[in-house]
Amino acid sequence: MMNKQYYEQLKETLYANDLANGLQVYLLPKPEMSKTFAIFATDYGSIDQTFVPINQKDYITVPDGIAHFLEHKLFEKEDRDVFQDFTKRGASANAFTSFTKTAYLFSATEEIENNVETLLDFVQEPYFSDQSVEKEKGIIAQEIRMYDDQADWRAFFGTIGNMYHNHPVQIDIAGTVDSIQAITKEDLYTCYETFYHPSNMILFITGNFEPENMMQLIEANQQKKTFKTLNTIDRSFSNELPTVAKQKTVLEMPVSVPKCMVGIKENLQTVEANFMQQDLLADMLLDHFYSKSGVFYHELYEKDLIDDNFSFESNREKNFAFSVLGGNTTKPDQLADTIKEQLLRWKNTSLTPSEFERMKRKKTGELLRSMNSLETIAQQFIHYKTLGFDYFNLLPILDEITIEDANDYLQSWINDENVTVFQIMPTTEEK
(Lines give C-alpha, C1' and ligand atoms only; values in the text may rest on other atoms or scores of the structure.)
Protein backbone atom coordinates (compact mmCIF):
# COMPACT_ATOMS: atom_id res chain seq x y z
CA MET A 1 0.00 0.00 0.00
CA MET A 2 1.58 3.26 -1.15
CA ASN A 3 1.59 6.28 1.12
CA LYS A 4 1.18 9.58 -0.65
CA GLN A 5 2.39 12.89 0.75
CA TYR A 6 1.85 16.30 -0.83
CA TYR A 7 4.25 19.13 0.02
CA GLU A 8 2.27 22.34 -0.42
CA GLN A 9 5.31 24.66 -0.38
CA LEU A 10 7.09 22.66 -3.07
CA LYS A 11 4.00 21.56 -5.05
CA GLU A 12 5.42 18.02 -5.09
CA THR A 13 3.86 14.60 -4.34
CA LEU A 14 6.02 11.86 -2.83
CA TYR A 15 4.94 8.20 -2.96
CA ALA A 16 6.42 5.90 -0.31
CA ASN A 17 6.26 2.20 0.50
CA ASP A 18 8.07 -0.05 3.00
CA LEU A 19 8.28 -3.42 1.28
CA ALA A 20 7.89 -6.76 3.07
CA ASN A 21 11.68 -7.33 2.99
CA GLY A 22 12.30 -3.94 4.65
CA LEU A 23 13.36 -1.95 1.57
CA GLN A 24 12.17 1.66 1.74
CA VAL A 25 10.99 2.91 -1.67
CA TYR A 26 10.32 6.59 -2.47
CA LEU A 27 9.02 7.84 -5.81
CA LEU A 28 8.83 11.50 -6.83
CA PRO A 29 7.24 11.73 -10.29
CA LYS A 30 8.10 14.87 -12.27
CA PRO A 31 6.29 14.39 -15.59
CA GLU A 32 7.56 17.73 -16.88
CA MET A 33 11.10 16.29 -16.99
CA SER A 34 12.45 14.27 -19.92
CA LYS A 35 14.94 12.45 -17.70
CA THR A 36 14.60 10.01 -14.78
CA PHE A 37 17.19 9.62 -12.04
CA ALA A 38 17.32 6.64 -9.65
CA ILE A 39 19.53 6.02 -6.63
CA PHE A 40 19.78 2.78 -4.63
CA ALA A 41 21.71 3.34 -1.41
CA THR A 42 22.77 1.44 1.66
CA ASP A 43 23.35 2.92 5.10
CA TYR A 44 26.96 1.73 4.99
CA GLY A 45 30.11 3.74 4.47
CA SER A 46 33.82 3.87 5.18
CA ILE A 47 33.37 4.45 8.93
CA ASP A 48 31.44 1.18 9.45
CA GLN A 49 34.48 -0.98 10.21
CA THR A 50 33.54 -2.57 13.55
CA PHE A 51 30.18 -4.36 13.68
CA VAL A 52 28.38 -7.62 14.46
CA PRO A 53 27.87 -9.55 11.19
CA ILE A 54 24.42 -10.86 10.29
CA ASN A 55 23.40 -13.88 12.43
CA GLN A 56 26.52 -13.61 14.63
CA LYS A 57 27.11 -12.43 18.20
CA ASP A 58 30.61 -10.91 18.31
CA TYR A 59 32.08 -7.74 16.88
CA ILE A 60 34.58 -7.97 14.05
CA THR A 61 36.76 -5.22 12.55
CA VAL A 62 37.32 -5.30 8.79
CA PRO A 63 40.17 -3.68 6.81
CA ASP A 64 40.05 0.05 6.00
CA GLY A 65 38.54 0.81 2.59
CA ILE A 66 36.30 -2.24 2.33
CA ALA A 67 33.03 -0.34 1.68
CA HIS A 68 34.62 1.41 -1.32
CA PHE A 69 36.19 -1.88 -2.51
CA LEU A 70 32.74 -3.52 -2.36
CA GLU A 71 31.24 -0.69 -4.43
CA HIS A 72 33.80 -1.37 -7.18
CA LYS A 73 33.27 -5.13 -7.11
CA LEU A 74 29.49 -5.06 -7.43
CA PHE A 75 29.72 -3.78 -11.02
CA GLU A 76 31.79 -6.78 -12.05
CA LYS A 77 29.90 -10.02 -12.63
CA GLU A 78 31.22 -13.43 -13.66
CA ASP A 79 30.47 -12.85 -17.35
CA ARG A 80 30.25 -9.06 -17.81
CA ASP A 81 30.63 -5.53 -16.56
CA VAL A 82 27.29 -4.01 -15.48
CA PHE A 83 28.16 -0.57 -16.91
CA GLN A 84 27.64 -2.12 -20.36
CA ASP A 85 24.12 -3.25 -19.42
CA PHE A 86 23.19 0.36 -18.66
CA THR A 87 24.93 1.73 -21.75
CA LYS A 88 22.97 -0.67 -24.00
CA ARG A 89 19.77 0.78 -22.56
CA GLY A 90 20.82 4.40 -23.05
CA ALA A 91 21.50 5.00 -19.34
CA SER A 92 24.44 6.63 -17.63
CA ALA A 93 25.36 4.75 -14.42
CA ASN A 94 27.65 5.58 -11.54
CA ALA A 95 28.26 4.90 -7.83
CA PHE A 96 29.94 6.51 -4.84
CA THR A 97 31.06 5.65 -1.33
CA SER A 98 31.06 8.27 1.41
CA PHE A 99 31.85 8.13 5.13
CA THR A 100 28.33 6.86 5.88
CA LYS A 101 26.72 5.47 2.72
CA THR A 102 27.25 3.65 -0.56
CA ALA A 103 25.00 4.52 -3.48
CA TYR A 104 24.41 3.20 -7.00
CA LEU A 105 22.63 5.40 -9.50
CA PHE A 106 21.64 5.96 -13.10
CA SER A 107 20.00 8.61 -15.24
CA ALA A 108 18.14 7.87 -18.47
CA THR A 109 15.48 9.20 -20.82
CA GLU A 110 14.35 5.79 -22.12
CA GLU A 111 13.82 2.17 -20.98
CA ILE A 112 13.34 3.44 -17.44
CA GLU A 113 11.69 0.29 -16.08
CA ASN A 114 14.38 -1.99 -17.55
CA ASN A 115 17.09 0.24 -16.10
CA VAL A 116 15.43 0.15 -12.66
CA GLU A 117 15.39 -3.67 -12.84
CA THR A 118 19.07 -3.65 -13.81
CA LEU A 119 19.89 -1.35 -10.89
CA LEU A 120 18.07 -3.55 -8.34
CA ASP A 121 19.39 -6.82 -9.77
CA PHE A 122 23.08 -5.98 -10.07
CA VAL A 123 23.26 -4.56 -6.54
CA GLN A 124 21.37 -7.53 -5.12
CA GLU A 125 23.33 -10.26 -6.97
CA PRO A 126 26.96 -10.10 -5.80
CA TYR A 127 29.72 -12.09 -7.44
CA PHE A 128 33.18 -12.13 -5.85
CA SER A 129 36.02 -14.54 -6.71
CA ASP A 130 39.51 -14.76 -5.20
CA GLN A 131 41.00 -13.95 -8.58
CA SER A 132 38.84 -10.87 -9.25
CA VAL A 133 39.43 -9.55 -5.70
CA GLU A 134 43.22 -9.78 -6.21
CA LYS A 135 42.94 -8.01 -9.56
CA GLU A 136 40.85 -5.21 -8.02
CA LYS A 137 43.52 -4.56 -5.36
CA GLY A 138 45.88 -3.37 -8.08
CA ILE A 139 43.25 -1.08 -9.60
CA ILE A 140 42.24 0.49 -6.28
CA ALA A 141 45.88 0.84 -5.13
CA GLN A 142 46.49 2.88 -8.28
CA GLU A 143 43.46 5.06 -7.47
CA ILE A 144 44.71 5.59 -3.88
CA ARG A 145 48.18 6.59 -5.11
CA MET A 146 46.58 9.05 -7.54
CA TYR A 147 44.66 10.73 -4.70
CA ASP A 148 47.79 10.70 -2.50
CA ASP A 149 49.39 12.97 -5.10
CA GLN A 150 46.51 15.49 -5.00
CA ALA A 151 47.25 18.32 -2.59
CA ASP A 152 43.58 19.32 -2.10
CA TRP A 153 42.64 15.74 -1.14
CA ARG A 154 45.60 15.44 1.26
CA ALA A 155 44.73 18.81 2.82
CA PHE A 156 41.08 17.78 3.37
CA PHE A 157 41.89 14.43 4.98
CA GLY A 158 44.85 15.91 6.83
CA THR A 159 42.51 18.44 8.44
CA ILE A 160 40.07 15.68 9.45
CA GLY A 161 43.00 13.64 10.80
CA ASN A 162 43.99 16.61 12.97
CA MET A 163 40.45 16.84 14.39
CA TYR A 164 39.81 13.23 15.39
CA HIS A 165 41.56 11.12 18.02
CA ASN A 166 39.91 7.73 17.33
CA HIS A 167 36.96 8.11 14.96
CA PRO A 168 37.33 6.25 11.61
CA VAL A 169 36.16 9.36 9.71
CA GLN A 170 39.86 10.31 9.69
CA ILE A 171 40.68 7.29 7.48
CA ASP A 172 40.61 7.82 3.73
CA ILE A 173 37.39 6.37 2.25
CA ALA A 174 39.39 4.14 -0.13
CA GLY A 175 41.67 2.92 2.68
CA THR A 176 45.43 2.67 2.14
CA VAL A 177 47.51 0.65 -0.32
CA ASP A 178 48.45 -1.61 2.63
CA SER A 179 44.97 -1.95 4.18
CA ILE A 180 43.27 -3.13 0.99
CA GLN A 181 45.81 -5.96 0.59
CA ALA A 182 44.16 -7.65 3.60
CA ILE A 183 40.66 -7.70 2.01
CA THR A 184 39.39 -11.19 1.12
CA LYS A 185 36.41 -12.49 -0.82
CA GLU A 186 34.98 -13.71 2.52
CA ASP A 187 35.27 -10.19 4.03
CA LEU A 188 33.33 -8.79 1.08
CA TYR A 189 30.52 -11.34 1.47
CA THR A 190 30.34 -10.69 5.25
CA CYS A 191 30.00 -6.93 4.75
CA TYR A 192 27.65 -7.39 1.81
CA GLU A 193 25.25 -9.76 3.60
CA THR A 194 25.13 -7.52 6.68
CA PHE A 195 24.87 -4.05 5.16
CA TYR A 196 23.23 -4.72 1.79
CA HIS A 197 20.16 -6.23 3.39
CA PRO A 198 17.04 -4.52 1.94
CA SER A 199 16.05 -3.32 5.43
CA ASN A 200 19.26 -1.23 5.49
CA MET A 201 18.63 0.26 2.03
CA ILE A 202 16.63 2.99 0.30
CA LEU A 203 15.52 3.29 -3.32
CA PHE A 204 14.61 6.78 -4.55
CA ILE A 205 13.45 7.51 -8.10
CA THR A 206 12.48 10.90 -9.50
CA GLY A 207 11.60 12.06 -13.02
CA ASN A 208 9.29 11.04 -15.83
CA PHE A 209 7.45 7.82 -14.91
CA GLU A 210 4.08 6.60 -13.69
CA PRO A 211 4.32 5.92 -9.91
CA GLU A 212 1.77 3.08 -9.56
CA ASN A 213 3.35 1.03 -12.36
CA MET A 214 6.85 1.73 -11.05
CA MET A 215 5.95 0.62 -7.52
CA GLN A 216 4.39 -2.62 -8.84
CA LEU A 217 7.53 -3.36 -10.86
CA ILE A 218 9.76 -2.83 -7.81
CA GLU A 219 7.54 -4.97 -5.56
CA ALA A 220 7.47 -7.79 -8.13
CA ASN A 221 11.26 -7.61 -8.49
CA GLN A 222 11.79 -7.86 -4.72
CA GLN A 223 9.26 -10.68 -4.23
CA LYS A 224 11.39 -12.93 -6.46
CA LYS A 225 14.36 -12.68 -4.06
CA THR A 226 14.99 -14.13 -0.62
CA PHE A 227 17.10 -12.57 2.13
CA LYS A 228 18.14 -13.71 5.59
CA THR A 229 16.37 -12.14 8.55
CA LEU A 230 18.26 -9.11 9.83
CA ASN A 231 17.63 -7.33 13.11
CA THR A 232 19.20 -3.92 13.63
CA ILE A 233 22.90 -3.78 12.73
CA ASP A 234 25.12 -3.36 15.77
CA ARG A 235 27.99 -0.98 14.93
CA SER A 236 30.73 0.17 17.31
CA PHE A 237 32.70 3.43 17.37
CA SER A 238 35.46 4.46 19.76
CA ASN A 239 34.71 7.24 22.23
CA GLU A 240 35.73 10.60 20.79
CA LEU A 241 36.77 13.65 22.79
CA PRO A 242 35.25 17.03 21.83
CA THR A 243 38.72 18.57 21.49
CA VAL A 244 40.87 18.34 18.35
CA ALA A 245 43.61 15.68 18.31
CA LYS A 246 46.29 18.03 16.93
CA GLN A 247 46.40 21.83 16.90
CA LYS A 248 48.54 22.04 13.76
CA THR A 249 50.27 19.83 11.18
CA VAL A 250 52.54 20.80 8.29
CA LEU A 251 53.05 18.44 5.33
CA GLU A 252 55.58 18.97 2.55
CA MET A 253 54.48 18.17 -1.02
CA PRO A 254 55.63 19.19 -4.51
CA VAL A 255 53.21 22.16 -4.77
CA SER A 256 53.95 25.59 -6.22
CA VAL A 257 51.71 27.47 -3.77
CA PRO A 258 51.20 26.54 -0.08
CA LYS A 259 47.77 25.46 1.16
CA CYS A 260 46.26 26.22 4.53
CA MET A 261 43.08 24.62 5.88
CA VAL A 262 41.32 25.37 9.16
CA GLY A 263 39.04 22.70 10.64
CA ILE A 264 36.22 23.20 13.15
CA LYS A 265 35.27 20.06 15.09
CA GLU A 266 31.71 19.97 16.43
CA ASN A 267 30.87 18.71 19.88
CA LEU A 268 28.01 16.28 19.25
CA GLN A 269 26.69 16.49 22.80
CA THR A 270 23.93 18.60 21.29
CA VAL A 271 20.24 17.84 21.35
CA GLU A 272 19.42 15.57 18.43
CA ALA A 273 16.17 17.44 17.89
CA ASN A 274 18.26 20.41 16.74
CA PHE A 275 20.18 18.35 14.18
CA MET A 276 18.49 19.78 11.07
CA GLN A 277 18.47 23.29 12.49
CA GLN A 278 22.20 23.17 13.22
CA ASP A 279 22.87 21.56 9.84
CA LEU A 280 21.28 24.58 8.17
CA LEU A 281 22.86 27.12 10.54
CA ALA A 282 26.41 25.82 10.04
CA ASP A 283 26.05 26.31 6.26
CA MET A 284 24.32 29.68 6.62
CA LEU A 285 26.87 31.14 9.05
CA LEU A 286 29.92 29.99 7.07
CA ASP A 287 28.31 31.38 3.92
CA HIS A 288 27.45 34.69 5.63
CA PHE A 289 31.02 35.31 6.79
CA TYR A 290 33.10 33.50 4.14
CA SER A 291 31.25 33.69 0.80
CA LYS A 292 32.58 36.30 -1.62
CA SER A 293 30.16 38.88 -0.19
CA GLY A 294 31.12 38.01 3.42
CA VAL A 295 32.94 40.44 5.70
CA PHE A 296 35.59 37.90 6.80
CA TYR A 297 36.26 36.91 3.17
CA HIS A 298 36.91 40.58 2.36
CA GLU A 299 39.32 40.89 5.28
CA LEU A 300 41.31 37.89 4.01
CA TYR A 301 41.23 39.11 0.42
CA GLU A 302 42.30 42.65 1.26
CA LYS A 303 45.28 41.32 3.25
CA ASP A 304 46.23 39.26 0.15
CA LEU A 305 45.92 36.02 2.17
CA ILE A 306 43.66 34.07 -0.26
CA ASP A 307 42.89 33.63 -3.96
CA ASP A 308 39.88 32.31 -5.88
CA ASN A 309 40.68 28.78 -4.66
CA PHE A 310 39.33 29.63 -1.16
CA SER A 311 36.37 27.43 -0.15
CA PHE A 312 34.42 26.15 2.85
CA GLU A 313 32.14 23.23 3.61
CA SER A 314 30.24 21.73 6.51
CA ASN A 315 29.61 18.01 7.13
CA ARG A 316 27.15 16.69 9.71
CA GLU A 317 26.37 13.02 10.27
CA LYS A 318 25.01 10.83 13.08
CA ASN A 319 28.21 10.58 15.09
CA PHE A 320 30.56 13.23 13.74
CA ALA A 321 30.34 16.79 12.41
CA PHE A 322 32.98 19.20 11.18
CA SER A 323 33.60 22.19 8.92
CA VAL A 324 36.68 22.94 6.83
CA LEU A 325 37.72 26.23 5.23
CA GLY A 326 40.81 27.51 3.47
CA GLY A 327 42.74 27.21 0.23
CA ASN A 328 45.88 28.38 -1.56
CA THR A 329 47.91 31.12 0.12
CA THR A 330 51.36 32.67 -0.08
CA LYS A 331 51.17 33.43 3.66
CA PRO A 332 49.99 30.20 5.33
CA ASP A 333 50.81 31.13 8.94
CA GLN A 334 49.21 34.57 8.64
CA LEU A 335 46.10 33.05 7.01
CA ALA A 336 45.79 30.43 9.79
CA ASP A 337 46.17 33.04 12.54
CA THR A 338 43.70 35.42 10.89
CA ILE A 339 40.98 32.78 10.34
CA LYS A 340 41.36 31.51 13.93
CA GLU A 341 41.12 35.06 15.24
CA GLN A 342 38.02 35.67 13.07
CA LEU A 343 36.35 32.48 14.29
CA LEU A 344 37.03 33.32 17.94
CA ARG A 345 35.36 36.71 17.35
CA TRP A 346 32.09 34.84 16.84
CA LYS A 347 31.75 34.45 20.62
CA ASN A 348 31.11 38.19 20.88
CA THR A 349 29.23 38.64 17.60
CA SER A 350 25.49 39.07 17.15
CA LEU A 351 23.72 39.06 13.82
CA THR A 352 21.48 42.05 13.09
CA PRO A 353 17.85 41.34 12.08
CA SER A 354 18.59 42.47 8.50
CA GLU A 355 21.67 40.17 8.27
CA PHE A 356 19.66 37.24 9.60
CA GLU A 357 16.79 37.84 7.15
CA ARG A 358 19.25 38.10 4.26
CA MET A 359 20.83 34.77 5.33
CA LYS A 360 17.45 33.06 5.45
CA ARG A 361 16.38 34.43 2.08
CA LYS A 362 19.63 33.30 0.48
CA LYS A 363 19.35 29.80 1.97
CA THR A 364 15.69 29.53 0.89
CA GLY A 365 16.69 30.46 -2.67
CA GLU A 366 19.51 27.90 -2.64
CA LEU A 367 17.20 25.12 -1.43
CA LEU A 368 14.53 25.92 -4.00
CA ARG A 369 17.10 26.07 -6.82
CA SER A 370 18.63 22.75 -5.72
CA MET A 371 15.19 21.16 -5.97
CA ASN A 372 15.23 21.80 -9.74
CA SER A 373 17.98 19.19 -10.11
CA LEU A 374 16.89 15.54 -10.11
CA GLU A 375 20.38 14.46 -8.98
CA THR A 376 20.46 16.90 -6.07
CA ILE A 377 16.94 15.99 -4.91
CA ALA A 378 17.75 12.26 -5.00
CA GLN A 379 21.11 12.52 -3.25
CA GLN A 380 19.90 14.96 -0.60
CA PHE A 381 16.74 12.94 0.05
CA ILE A 382 18.82 9.79 0.60
CA HIS A 383 21.30 11.68 2.78
CA TYR A 384 18.64 13.03 5.14
CA LYS A 385 16.45 9.90 5.12
CA THR A 386 19.45 7.80 6.26
CA LEU A 387 19.77 10.24 9.16
CA GLY A 388 16.07 9.85 9.93
CA PHE A 389 14.89 13.19 8.52
CA ASP A 390 12.80 14.35 5.57
CA TYR A 391 14.67 16.51 3.04
CA PHE A 392 11.39 18.08 1.93
CA ASN A 393 10.88 19.44 5.45
CA LEU A 394 14.06 21.55 5.28
CA LEU A 395 12.16 24.64 4.15
CA PRO A 396 9.63 24.58 7.04
CA ILE A 397 12.52 23.99 9.49
CA LEU A 398 14.42 26.91 7.95
CA ASP A 399 11.31 29.11 8.30
CA GLU A 400 11.15 28.33 12.03
CA ILE A 401 14.77 29.26 12.82
CA THR A 402 14.91 32.50 14.82
CA ILE A 403 17.64 35.11 15.13
CA GLU A 404 18.08 33.92 18.74
CA ASP A 405 18.75 30.37 17.48
CA ALA A 406 21.33 31.70 15.03
CA ASN A 407 23.09 33.91 17.59
CA ASP A 408 23.13 31.13 20.23
CA TYR A 409 24.77 28.76 17.76
CA LEU A 410 27.20 31.39 16.48
CA GLN A 411 28.37 32.36 19.97
CA SER A 412 28.80 28.77 21.24
CA TRP A 413 30.31 27.20 18.11
CA ILE A 414 34.00 28.04 18.44
CA ASN A 415 36.50 27.61 21.26
CA ASP A 416 40.31 27.32 21.43
CA GLU A 417 40.14 23.53 21.62
CA ASN A 418 37.91 22.70 18.64
CA VAL A 419 39.89 24.47 15.87
CA THR A 420 42.87 22.96 14.02
CA VAL A 421 45.23 23.99 11.22
CA PHE A 422 46.65 21.82 8.42
CA GLN A 423 49.19 23.27 5.99
CA ILE A 424 50.83 21.93 2.86
CA MET A 425 54.17 23.56 2.08
CA PRO A 426 56.32 23.23 -1.04
CA THR A 427 58.94 20.50 -0.68
CA THR A 428 62.23 21.99 0.42
CA GLU A 429 65.26 21.06 -1.69
CA GLU A 430 67.74 18.89 0.16
CA LYS A 431 71.11 20.60 0.40
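The values are calculated or read from the model by the stated rules, or taken from the named source; none is laboratory data. Values in this document were obtained by computation on a predicted structure and should not be read as measured data. Note that each Cβ is placed from the backbone with ideal geometry, even for glycine, and that neighbours are counted across all protein chains shown.
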For this session: Scan the range 168-212 residue by residue and report those that are out of contact with any strand residue (DSSP E or B) (no Cβ under 9 Å at 6 or more places or on another chain), not in a helix (DSSP H, G or I) and not charged (D, E, K, R).
Result: Ile171, Gly175, Thr176, Ala182, Ile183, Thr184
Exercise. Somewhere in the range 415-427, is a residue of a type in the set (Val, Ile, Thr), touching a Phe, Trp or Tyr at 6+ places or on another chain (Cβ under 9 Å) and at pLDDT 95 or above?
Worked result: no
Seminar exercise, completed: For Tyr391, the lone unmet condition from (1) touching a His at 6+ places or on another chain (Cβ under 8 Å); (2) surrounded by fewer than 14 Cβ atoms within 10 Å (Cβ to Cβ) is (2)
Exercise. Picking from Lys57, Lys73, which residue would you name as being closer than 30 Å to Arg316 by Cα and basic (Lys, Arg)?
Worked result: Lys73
For this session: Restricting attention to the range 291-316, report how many residues are crowded, with 20+ Cβ neighbours inside 10 Å and over 17 Å from Pro332 (Cα atoms).
Result: 1
For this session: Looking only at the range 230-249, decide whether some residue is more than 27 Å from the chain's Cα centre (by Cα) and either touching a residue at least 40 places away in the same chain (Cβ under 8 Å) or not in a loop (DSSP other than H, G, I, E, B) (or both).
Result: no
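I'm trying to understand the selection: among the residues of the range 56-100, which are of a type in the set (A, V, I, L, M) and surrounded by fewer than 21 Cβ atoms within 10 Å (Cβ to Cβ)? Show your work before the answer.
Of the range 56-100, the ones of a type in the set (A, V, I, L, M) are 60, 62, 66-67, 70, 74, 82, 91, 93, 95.
Correct list: Ile60, Val82, Ala95.
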Exercise. Which one is modelled with the highest pLDDT, of the residues in the range 33-77 that are part of a loop (DSSP other than H, G, I, E, B), over 23 Å from Asn94 (Cβ atoms) and among the polar types (S, T, N, Q)?
Worked result: Gln49
For this session: Keeping to the range 319-367, report how many residues are among the basic types (Lys, Arg) and in contact with a Phe, Trp or Tyr (Cβ under 9 Å, 6 or more places away or on another chain).
Result: 2
Seminar exercise, completed: Selection from the range 36-54 of residues touching a helix residue (DSSP H, G or I) at 6+ places or on another chain (Cβ under 6 Å) and not aliphatic (A, V, I, L, M) yields Thr36, Phe37, Phe40, Thr42, Asp43, Tyr44, Gly45, Ser46, Gln49, Pro53
Seminar exercise, completed: Listed by first then second residue, the pairs whose first member lies in the range 194-206 and is aromatic (Phe, Trp, Tyr), whose partner is in a strand (DSSP E or B) and buried (at least 20 other Cβ atoms within 10 Å of the Cβ), with beta carbons under 7 Å and at least 6 positions apart or on separate chains, are Phe195/Thr42; Tyr196/Thr42; Phe204/Tyr26; Phe204/Ile39
For this session: Can you tell me which residue within the range 29-46, out of those that are more than 19 Å from Glu193 (Cβ to Cβ) and surrounded by 23 or more Cβ atoms within 10 Å (Cβ to Cβ), is farthest from the chain's Cα centre (by Cα)?
Result: Thr36
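Within the group Met276, Met284, which residue is part of a helix (DSSP H, G or I), outside the structural domain of Pro168 (by TED's automatic domain parsing), of a type outside the set (S, T, N, Q) and modelled with pLDDT under 95? If you could, list the steps in order and put the result at the bottom.
Numbers: Met284 fails: modelled with pLDDT under 95.
Among Met276, Met284, only Met276 is part of a helix (DSSP H, G or I), outside the structural domain of Pro168 (by TED's automatic domain parsing), of a type outside the set (S, T, N, Q) and modelled with pLDDT under 95.
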For this session: Please find, among Ile160, Ile218, Ile171, the residue that is at pLDDT below 95 and crowded, with 19+ Cβ neighbours inside 10 Å.
Result: Ile171
Exercise. In the range 250-273, what residues are within 19 Å of the chain's Cα centre (by Cα), hydrophobic (A, V, I, L, M, F, W, C) and modelled with pLDDT under 95?
Worked result: Leu268
Exercise. Which condition number in (1) touching a residue at least 60 places away in the same chain (Cβ under 8 Å); (2) in contact with a helix residue (DSSP H, G or I) (Cβ under 8 Å, 6 or more places away or on another chain); (3) of a type outside the set (Phe, Trp, Tyr) is the one that Gly294 fails?
Worked result: (1)
